[in-house]
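Notes for the one structure printed next.
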Amino acid sequence: MPEDKVIVNNLTKKFGDLLVLDDVSFTIGKGEFVCLVGPTGCGKTTFLNLLVKLIEPTAGEILIDGEPADPKRHSLSFVFQEPSAFPWLTVEDNIKFNLRIKKFPKNVIEERTEQMLKLVGLTQQRKLYPHQLSVSAEQRIVIARSFAMFPDLLLMDEPYGQMDIKLRYYLEDEVLRIWRETGSTVIFITHNIEEAVYLSQRCLVMSSKPTTVKTIRTIDLPYPRNVADPAFISIRQEITDMIKWW
């Protein structure tokens, strides 16, 4: 196992009398791709909000590299469900945005921007604006912008939830390719079990509220994965059965 990147210890979150996360503990290894799956409304997004300190835990802690999670200290990137490219910036300026904010050297900004444009297949569209591109291309801009930081931790909250199946597979393959190139640690939230099995090295199956980690399923199928492979179908069914009987 790789060294621990994220350690979640006895994490609990209440909103008034509503217990959302109930004493949740797990670890994520450095460079690992982990999916969180569970019933709608089970608290998956609440966990990410705690991780980036949008909200504070009622009890417990989240550590990154052994220190309390803090976006001021740690390099975190976030990809949301809705495309969030800046409409007033070109493709390449979107990708450069976070690097400029963090005051990376100019040569690093140029080098990483070129690398990401190539990786997501938008080199020819670099001077276009998001509204001139398809929805999938716009989401590729956001993915490239996030990965350009070479983040310690990339958080993805159902980023393909509104796309058709063909686009989903295309973008899933994109993100796996960039993940392998950059070595970032990825936490990917989805309610789509097939997507979780297709992407992740380990799948954390969450219970309904009050949420705990029901099980952690290692998925040791080689990449690229084949959704028609009997082993793939078996794992997908196993995780589905865990969720649908709650």
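Laid out as a table, the results:
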| item | result |
| --- | --- |
| Ratio Rg/Rh [Cα only; Rh per Kirkwood] for the range 85-150 | 0.93 |
| Y160, Y223 arranged by Cβ crowding within 10 Å, fewest neighbours leading | Y223, Y160 |
| The range 1-88: trypsin sites (Lys or Arg not before Pro) falling in loop per DSSP and having at most 11 other Cβ within 10 Å | K72 |
| Spin-label model distance (nm) - E238 vs T212, 7 Å beyond Cα toward Cβ | 2.1 |
| Net lengthening on full extension, A228/Q81 (0.36 nm per residue, minus Cα-Cα) | 50.3 nm |
| Sites T40 and R126 - FRET efficiency at Förster radius 45 Å, r taken between beta-carbons, to 0.05 | 0.75 |
| Long-range HN-HN contacts of A69 with modeled amide H, under 5 Å | I62, L63, I64 |
| Residues whose placed amide H lies under 5 Å from that of M206, excluding near-sequence neighbours | V37, G38, K214 |
| Residue order, fewest to most surrounding Cβ atoms within 10 angstrom, among R140, R202 | R202, R140 |
| Value of relative contact order over the chain, rounded to a whole percent, pairs C-alpha under 8 Å and six or more apart | 26 |
| Furthest towards positive pole of dipole, P57, G31, L76, structure part the chain, Cβ charges | L76 |
| Cα lying deepest toward the dipole's positive end in the range 161-246, options S184, S200, V213, charges on Cβ | V213 |
| Check: the chain dipole with +1 on Lys, Arg Cβ and -1 on Asp, Glu Cβ, in debye | 540 |
| Net charge of Cβ neighbours under 12 Å - reference N49; Lys, Arg +1; Asp, Glu -1 | +1 |
| Farthest positive-ward along the range 85-150 dipole, Cα basis, beta-carbon charges - from I101, V91, V120 | I101 |
| Nonlocal amide H pairs with T211, under 5 Å, H built at 1.01 Å | L21, D22 |
| Highest-MSF residue in the chain out of S146, S200, S208 [GNM, Cα springs under 10 Å] | S208 |
| The chain - share of DSSP beta bridges that are antiparallel (%, nearest 5) | 55 |
| Separation of the T58 and V135 label points, Cα + 7 Å toward Cβ, nm | 3.6 |
| Taking T45, T185, T123 and counting other C-beta atoms within 10 Å, the order from fewest to most | T123, T45, T185 |
| Against the rule of thumb 2.2 N^0.38 Å, how large the Cα Rg of the chain comes out | 1.01 |
| Degrees between helix 230-244 axis and first principal axis of the chain (Cα, 0 to 90, nearest 10) | 60 |
| 0 to 90° range, to nearest 10: angle between helix 91-101 axis and the chain longest Cα axis | 70 |
| Efficiency of FRET from Cβ geometry, F97 and D23, R₀ 41 Å, rounded to 0.05 | 0.60 |
| Helix axis angle, 135-147 relative to the chain longest principal axis, alpha carbon, degrees | 80 |
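Each reported figure results from applying straightforward, stated rules to the coordinates on display, with no laboratory input. Fair warning: this is a prediction, and the values are worked out from it, not measured in the lab. Neighbour counts are summed over all protein chains in view; Cβ atoms, including those assigned to glycine, are modelled from backbone coordinates with ideal geometry.
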